[in-house]
1. Can you find a residue that is among the polar types (S, T, N, Q) and at pLDDT 85 or above anywhere in segment 12-20?
2. Identify, from the list Ala42, Ala49, Ala74, the residue that is open to solvent by 20 Å² or more (accessible area, probe 1.4 Å) and farther than 30 Å from Met161 by Cα.
3. Picking from Ala56, Ala60, which residue would you name as being in contact with a Pro (Cβ under 6 Å, 6 or more places away or on another chain) and aliphatic (A, V, I, L, M)?
4. Using the structure shown, decide if Leu41 is touching a residue at least 12 places away in the same chain (Cβ under 8 Å) and touching a Gly at 6+ places or on another chain (Cβ under 8 Å).
5. Considering only residues of segment 12-38 that are touching a helix residue (DSSP H, G or I) at 6+ places or on another chain (Cβ under 8 Å) and in a loop (DSSP other than H, G, I, E, B), which is least open to solvent (accessible area, probe 1.4 Å)?
6. Working only within segment 98-121, note down all residues that are within 13 Å of the chain's Cα centre (by Cα) and farther than 18 Å from Leu220 by Cβ.
7. Between a first residue in segment 92-107 that is on the phi > 0 side of the Ramachandran plot and a second residue that is outside any strand (DSSP E or B), which pairs have beta carbons less than 7 Å apart while being 6 or more apart in sequence or on different chains?
8. Looking at segment 181-204, I want the residues that are over 15 Å from Phe117 (Cβ atoms) and polar (S, T, N, Q) and have a partner that is buried (at least 21 other Cβ atoms within 10 Å of the Cβ) and modelled with pLDDT of 85 or more with Cβ atoms under 8 Å, at least 6 apart or on another chain. Which pairs are those?
Amino acid sequence: MLEPGMNAPLAGFTSAERFACRFTFGKFIRRFLPMIIGTGLATLILLGALLPGLGAGVLALPLALLLSAGAVVALTAVKKYQFDQTWGTTELVLSPDGATMAGRHSQLHIRWDHIRFLGKADLVRAGRFTFGPVMARLLAELASAAARRRGRPALIGIATMKVAAETPSVVKSQIGQNIAFRRIDPQTGHTLTAIPLTIFDEHWDRGRIGEWIMAYRPDLAPGR
């Protein structure tokens, strides 16, 4: 007997297949370079305004430069850790029950009948810088905007999400950013979630991933 929500297996698509993430940290961090540099500049402006008033004297500028560089290094290290714990260990699992992004700390699943459409979604939501002088906030906000992308082909639908209780908070933050699609499903009022496809296969539509999608959801084919 099939479990609730599971499709009857189709010939050639009866056993789950796994697709490793091919998205590298090098590609991931490139999109954040404007944000990282902007944060460094914002930190420099902020410290440049604060340190003289704290009695740093002639050391104010060297200290501001050193601490700003440290902030850039630290932010890059945090992003590397977040990537290694999320996208770096994520795989796509396709089965008669639907599509699942399974990672070290989380699992996001969309049943085939809960996929609303094949659209585009960004991999992450860029953060915001909400404190400090106006110029510092403006620089960081511009950098944050530069980190946003138009999106990649993705399955968009209503998902169930499981995050392990012992997941570090900094990783939970990245997992939250990775769920980039935030529109509301007009049929149910639930938030829609995206599973990006090109990070598992750049030519997914000409490969096995595309074959799975067309087997269980042929209505998602272009032009329909």
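The values are calculated or read from the model by the stated rules, or taken from the named source; none is laboratory data. None of the values given here were measured: they were computed from a predicted structure. Virtual Cβ from ideal backbone geometry, glycine too; neighbours counted across all protein chains shown. Surface accessibility is based on the protein's heavy atoms, side chains included, excluding ligands, DNA and RNA. Shrake-Rupley method; radii C 1.70, N 1.55, O 1.52, S 1.80 Å.
1. First, pick out the residues of segment 12-20 that are among the polar types (S, T, N, Q): 14-15.
Okay, now just the ones that are also at pLDDT 85 or above, so 14-15.
Yes - at least one qualifying residue is present in segment 12-20.
2. On the way: Ala42 fails: open to solvent by 20 Å² or more (accessible area, probe 1.4 Å); Ala74 fails: farther than 30 Å from Met161 by Cα.
Being open to solvent by 20 Å² or more (accessible area, probe 1.4 Å) and farther than 30 Å from Met161 by Cα holds for just one of Ala42, Ala49, Ala74, which is Ala49.
3. Working: Ala56 fails: in contact with a Pro (Cβ under 6 Å, 6 or more places away or on another chain).
Going through Ala56, Ala60 in turn, the sole match is Ala60.
4. Details: touching a residue at least 12 places away in the same chain (Cβ under 8 Å): yes; touching a Gly at 6+ places or on another chain (Cβ under 8 Å): no.
Considered against the rule, which asks whether it is touching a residue at least 12 places away in the same chain (Cβ under 8 Å) and touching a Gly at 6+ places or on another chain (Cβ under 8 Å), Leu41 comes out as no.
5. First, pick out the residues of segment 12-38 that are touching a helix residue (DSSP H, G or I) at 6+ places or on another chain (Cβ under 8 Å): 12-13, 17, 19, 21, 23, 25, 28-29, 31-32, 34-38.
Subsequent filtering for residues that are in a loop (DSSP other than H, G, I, E, B) retains 12, 21, 23, 31-32.
Working: Gly12: 53, Cys21: 30, Phe23: 18, Arg31: 17, Phe32: 2 Å².
Among them, the one singled out is Phe32.
6. Within segment 98-121, Gly103, Ser106, Leu108 meet the criteria.
7. Gly98/Arg111; Gly98/Trp112
8. Note: pairs meeting the criteria are Thr198/Trp204.
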